[in-house]
Amino acid sequence: MRKTMKKVFTTMVAMSMALVMMTGCNIGKDNTTKQSKTKVMTYNGEDIYLDEVWVYAKSVQESYEQVYGDSMWGQVLYQDEDGKDVTFEQMAKDEVLEQIKMTKVMVSKADEYKVKLTDDEKKEIEENVETFMEGLNEEDIKETGATKKLITKIYEENSIASKVYEEMVKDVDQEVSDEEAQQSTCYNLLFKTTTTDENGNEKELSQAEKDKALANAKEALEKLKKGGDIEKLAEEYKVTDVSSEYTFGKGDSVQEFEDAAYKLKDGEISDIVESKFGYHIIKMISIKDEDATESKKEEIIQQRQSEEFTKKFEEWTKEIEWDREKDLDEKAFAKITFINKDATTEGSTADATVEVEEVEDEASSEESTSEK
């Protein structure tokens, strides 16, 4: 569970913050003076206060709540190395710390990369800050500790960090061949010969059940070759849960599937293909999906950039001493909370559980594509 959730929520590069309007948010009762004077952490020689941490925190909170709602924050995601429960909120708050630390490190490298803001960029930031502040009423400002000076600082630092990132990765190879990025899209009709037990483990069907699956596959293939609609056949044979349009590249699927798929031309239908997952019928939609291939090229370039960034960033952070127990005031950090007490009813908790399970399912979907 821990590995899956980290895969969903951890982002390697958070260069441009989506600063959000805080109107109506439940963000605590500290006034501006207390927040701006409450030190939360020290990192790379800089003291960071509660008002600044809150702005980063609201950005993270808003981005998750837009997708998952606001009732999941108390849900337990996994247990840490000491066996203690880690909630959705704790995971997100740790991400807040990482975003702040990353931004501070990037800003500290601005001179090294000869990065500074242009007059036009400063003007744009000033306009964005004005828009942001106009969205806050007096109560919001009192609750959040947001001041024009603080918001300007955050905008400027994130803009500088973004420019440093661009400089860091500008020499990454941008050339990706069609062969390397090629993506194909087909329709995969899969008659499974495995099932999942109550513990989530895959197990083989009985020989009689396998024989029935093969007989159904042969029957469906015959109908398909006579002009049958593959989607209707998927419904007829009740395999719609494992059969759909599937876009893939080399190495994304089991070998038997790929060997058969790459022999097909657009519109062609394979014979029955057996893999460890069952009996496949493949109808090729596009052996070279142009849109998907272009997207894959961009993905490969971004992956190269991420690897380059990670390599350099890890070298930088080795030089910075960070001791959470010493450098983070947990009591002050605890003032950051995303949990809406009005939403913690029995109903909302049930909804949150479903949402967290859906997040895990989405994260593990990549693993399930191996069945294609």
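Brief remarks on what is shown
- Label zone at LYS312, where the point sits 7 Å out along the Cα-to-Cβ direction: region 149-189 residues whose backbone N lies under 16 Å: 159-174
- Trypsin sites (Lys or Arg not before Pro) restricted to region 71-152 and DSSP loop, no more than 12 other C-beta within 10 Å: LYS84, LYS114, LYS116
- In range of the label at GLU298: residues from region 149-185 whose backbone nitrogen is under 12 Å from the point 7 Å along Cα→Cβ: none
- Considering all C-alpha pairs of region 184-287, those separated by over 19 Å amount to 41%.
- Restricting region 32-121 to GluC sites (Glu not before Pro) in coil, as DSSP defines it, with at most 15 other Cβ within 10 Å: GLU81, GLU112
- Trypsin sites (Lys or Arg not before Pro) lying in DSSP loop within region 227-313, provided at most 16 other Cβ fall within 10 Å: LYS238, LYS250, LYS263, LYS265, LYS276, LYS288
- Stretching MET133 away from TRP322 to a fully extended chain increases their span by 64.7 nm, per 0.36 nm per residue minus the current alpha-carbon distance.
- Distant-in-sequence amide contacts of SER244, defined by a placed amide H-H separation under 5 Å and a gap of 5 or more residues or a different chain, comprise ASN188.
- Taken about its Cα centre, region 184-287 carries a charge dipole of about 300 debye when Lys and Arg each add +1 at the Cβ and Asp and Glu each add -1 at the Cβ.
- Measuring nothing but how far apart in sequence close Cα pairs (under 8 Å, 6+ apart) lie, relative to its length, region 184-287 scores a relative contact order of 43 percent.
Values quoted throughout were computed directly from the atomic coordinates according to the rules given, and no laboratory measurement underlies them. This is a predicted model, so every value here is computed, not measured. Reconstructed Cβ throughout: ideal geometry from the backbone, glycine too, with neighbour counts over all protein chains shown.
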